[in-house]
1. Heavy-atom accessible area per residue, the chain, 1.4 Å probe: how many Å²?
2. Go through the stretch 51-122 and name the trypsin sites (Lys or Arg not before Pro) that are in a DSSP coil and have 13 or fewer other Cβ atoms within 10 Å of their Cβ.
3. Cross-link candidates for Lys75: which aspartates and glutamates have Cα within less than 20 Å, leaving aside residues fewer than 8 places away along the same chain?
4. Starting from the amide H of His111, placed 1.01 Å from N in the peptide plane, find each other amide H under 5 Å away whose residue is 5 or more places distant or on another chain.
5. Round to a whole number: what % of the accessible area of the chain belongs to carbon and sulfur, probe 1.4 Å?
6. Taking the alpha-carbon distance from Lys86 and a cut-off under 26 Å, which lysines remain once sequence neighbours fewer than 8 residues away in the same chain are dropped?
7. Please go through the stretch 1-95 and write out the GluC sites (Glu not before Pro) that DSSP classes as loop and that have at most 13 other C-beta atoms within 10 Å.
8. Apply 1/(1 + (r/R0)^6) to the Cβ-Cβ distance of Lys43 and Ser84, taking R0 = 25 Å, and write down the FRET efficiency to the nearest 0.05.
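The values are calculated or read from the model by the stated rules, or taken from the named source; none is laboratory data. Source: prediction; values computed, not measured. All Cβ positions, glycine included, derive from the backbone under ideal geometry; neighbour counts span all protein chains shown. Remember, those area values only see protein heavy atoms, side chains included, never the ligands or the DNA or RNA. Shrake-Rupley method; radii C 1.70, N 1.55, O 1.52, S 1.80 Å.
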Amino acid sequence: QVQLVESGGGLVQAGDSLRLSCAASGRTFSSYAMAWFRQAPGKEREFVTTISSSGMTIYKDSVKGRFTISRDNAKNTVYLQMNSLKPEDTAVYYCAAGMFFGYYRENEYTHWGQGTQVTVSS
């Protein structure tokens, strides 16, 4: 059983940076694959990036080179460093945990945080 809490969202201008954090409970955090999804108003929730327990990563094409996912298993925390933000990055960002690495579909993740709002103005 894992509980996730996101933080670090905010209002920024295009080109700015933000770092999101996802704090997890539970002693088994290091065994989970972690992911970030996002949902813009009127849009479906979409995959952004995921990281395995050993640090392998996958990114949505539109964020490659701008976003970096990382994890600190000793702190039970996963991060999303977002650079060169664009207005189209505006969304609620959700942290998720799953048993296996490499999935893009949200129904493969069993634990979710409450979300944190990221707003990027033009």
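1. Working: 6340 Å² over 122 residues.
Using a 1.4 Å probe on heavy atoms only, each residue of the chain averages 52 Å².
2. Here the trypsin sites (Lys or Arg not before Pro) that fit, given the DSSP loop and packing criteria, are Lys64, Arg105.
3. Partners within reach: Glu6.
4. Those lying under 5 Å, H to H, from His111 are Ala97.
5. Working: 3020 of 6340 Å².
Carbon plus sulfur share of accessible area: 48 percent.
6. Lys43, Lys60, Lys64
7. Working: sites: Glu6, Glu44, Glu46, Glu88; in loops: Glu44.
Counting only loop positions with at most 13 other Cβ atoms within 10 Å, the GluC sites (Glu not before Pro) in the stretch 1-95 are Glu44.
8. Computed FRET efficiency for Lys43 and Ser84: 0.75.
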